[in-house]
Structure formats: C-alpha cells, structure tokens
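I have placed the structure first, in the form of structure tokens, so that the comments after it can refer back to it.
The values are calculated or read from the model by the stated rules, or taken from the named source; none is laboratory data. Just so it is clear, the structure is predicted and the values come from calculations on it, not from any experiment. Backbone-built Cβ (ideal geometry, glycine too); neighbour counts: all protein chains shown.
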Amino acid sequence: MTIQEMYDMFLLEQEFRNNSPVTISWYKDQLEEFFIWLMDNIPKAYNDPAQLNLLNFKRYGVHLKQQTKRNGDRLSSSSVHGSLRAVKAFYNFCIGEDYLEDFSRQLRLPKVHCKEQLILDDQEIIKLLHACDDSFSHYSLRNKCFVLLMLDSGLRRGEIPRINMGDITFSSKSMIIRGKGSKQRLIPIGYQTCEQLLNYCLKYRHGASGSEPFFVDQSGGRCSDNLIKQIFKRLKDTTGIERLHPHLLRHTFATYYLADGGDLETLRLILGHSDIQTTQMYLHLAFNLKLQRSRHNSHIDKLFDC
C-alpha cells in the first residue's frame, strides 16, 4: 500500500467517525505540509511507506521548530505540538491497520512551553462589556451576548454560531452546546448572561422556531465564526486591550471559576475537554490569581510586630 492510499484511508476513517469538517480539514492541512516536507527532504520518499518511520517523525519536528511566521517569529511550541499531533494520529492509524510496524510507544510529542496567560482583570471585563453598550441596537446587544457567553460559560468562538433557539432553557439557566467533533454538552448560564440572552431573544428573535439560529447577522442568516473574529478586532481597538482575543475570555472564565472555588472535573465538563490534563493548565493560573488576591501571611512581619 502506498502513502497516498494510506492517507486516503485515514481521511475515510475520519469521516466514518463523524469528525467535523473543520477537524478533517485541519488533518488535511497538517498532513499535506508533512508530505511536502517528506518529498522535498527525504530521497525516494514519494509513496514509500518505509519513510513513515520514527526518524523522519523527529526530523520533521526539528524542521518545524526552525520555521518562522510572517512576522519573523519562530513557530510557538504549541503550533509545533499541534502539527506533530496530526502526523502522530496518521502514524497511529497506519500502525493500527497493520500498514506499518508498531513503534507507537516511541511516538512522543515535544513539550509545550506554556506562556503565562494574563487574563482579564475586573476593570478590563467591565470596560469590555461597556464597549458593547454604545447603542441599544440589535448588534450591540448581540455582541454583548457573545462576550458574556465566553466570559461566563467559557464558550469557544466557533461554538456560538451553532447555538439554535431551542438550545437555551431560560427557566433552568442552561444551554446545550455543540462543541468539537459534534459533541454536545450542557452548560450553566449566569443570571446576568441569561437576562441579556432573554432580552435579545424577546426583542429580535421572538417567534423564531427551535431549529433556527439564535444569533443572526445583518442579512438574517446564521452568524459566522469570521464575523465574531471581526467583532473582536473592533472591540480590541475600542477598549485598547492589546492582548484581547476571543480565546482569552475562555481562559479568563476558567481561571476565575477555579479561583472562586469550582472543581476541576466540573470545569472540564463545562469547557468540553475530553482529557482532564488539558483542563489542568488552569490550576496554575488560578493559584497565581489567589496569590494576587490574598495578603501574604509573613512570619517575619509577625516577629517585628512584637
């Protein structure tokens, strides 16, 4: 079997598993980059399954670490990790189908050097919400709902456009979210967020059926992921918060949730993480926030107070 045939079978498997088009497109992009590198750098690599080996996996990882973005910066360790994760998934599929010998235990991903996430503080959160109050139009209220859903329930940017009218239960302050891989989860909504969503619904979506989108654009169609991205670019300019981007609001929610006494497993379920290790990254951020909030109990100070 050739590499091309293995690749075709891998993509077929992703469709069979009901992975989302976004996930499949991501695999295509990452693997095509790997195949281009393989053909350009390894002699006689074209369609030779023998080249899908551990040595070339590591060589590709080193190659990625040396690549630069448009601004001249090196690729982040998380970007390298993500690209190699796609290649590893392809390798493991080929091993599982007996296309390759089993060296799966040796397929290890490089460590990710996590940067300290500077979450939004209370003043910045208020400034961000006020930036959506310039006018009481359909779109300012809609945009405020976007911000609240990310800050109060940790939604991803791409999950918001998928919300339908029938997904929100105002009486129980809860919502069904369709996350990555078409997985559904039930999340809680805070009182303020629920009030704003209900206000938006009564003013601008009254009478819409349960299967219709909750949020709509100027043409009346379902809001797009790109629309939310553009809204946040404008909010960044309006607020002057240079580091503002949609995912920062999700980080902010998760950090405050743990710092305010929430437990890790419940947070994992709210965020839609399949692995609790992904959620554990917020423990460090929450601990730092608690340190900032608390007064240092200095034993030395007590000695000098005597």
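Within region 253-279, being in a helix (DSSP H, G or I), exposed (fewer than 13 other Cβ atoms within 10 Å of the Cβ) and among the charged types (D, E, K, R) holds for one residue alone: 265. Restricted to region 155-205, and to residues there that are β-branched (Val, Ile, Thr) and in contact with a Lys or Arg (Cβ under 6 Å, 6 or more places away or on another chain), the residue that is nearest to residue 16 (Cα to Cα) is 177.
Please tell me if residue 187 is surrounded by 14 or more Cβ atoms within 10 Å (Cβ to Cβ) and modelled with pLDDT of 95 or more. When the stated conditions are applied, residue 187 does not pass them.
To keep it simple, each residue is scored yes or no on (1) in contact with a His (Cβ under 9 Å, 6 or more places away or on another chain); (2) free of Cβ contacts under 8 Å to residues at least 24 places away in the same chain; (3) not charged (D, E, K, R).
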{"position": "31", "(1), (2), (3)": "no, no, yes"}
{"position": "37", "(1), (2), (3)": "yes, no, yes"}
{"position": "42", "(1), (2), (3)": "no, yes, yes"}
{"position": "47", "(1), (2), (3)": "no, no, yes"}
{"position": "50", "(1), (2), (3)": "no, yes, yes"}
{"position": "54", "(1), (2), (3)": "no, no, yes"}
{"position": "58", "(1), (2), (3)": "no, yes, no"}
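Of note, residue 285 does not satisfy the criterion of being more than 27 Å from residue 122 (Cα to Cα) and either surrounded by fewer than 16 Cβ atoms within 10 Å (Cβ to Cβ) or modelled with pLDDT under 90 (or both).
For region 195-215, state whether one or more residues are loosely packed, with under 12 Cβ neighbours inside 10 Å and among the polar types (S, T, N, Q). Checked against the condition, which is being loosely packed, with under 12 Cβ neighbours inside 10 Å and among the polar types (S, T, N, Q), region 195-215 yields at least one hit.
The set of residues in region 249-275 that are under 13 Å from residue 290 (Cβ atoms) and either charged (D, E, K, R) or not assigned by TED's automatic domain parsing to the domain that holds residue 285 (or both) contains only 260. Identify, please: which residue in region 67-114 is touching a helix residue (DSSP H, G or I) at 6+ places or on another chain (Cβ under 8 Å) and among the β-branched types (Val, Ile, Thr) and is, among those, surrounded by the most Cβ atoms within 10 Å (Cβ to Cβ)? Checked region 67-114; the qualifying residue surrounded by the most Cβ atoms within 10 Å (Cβ to Cβ) is 87.
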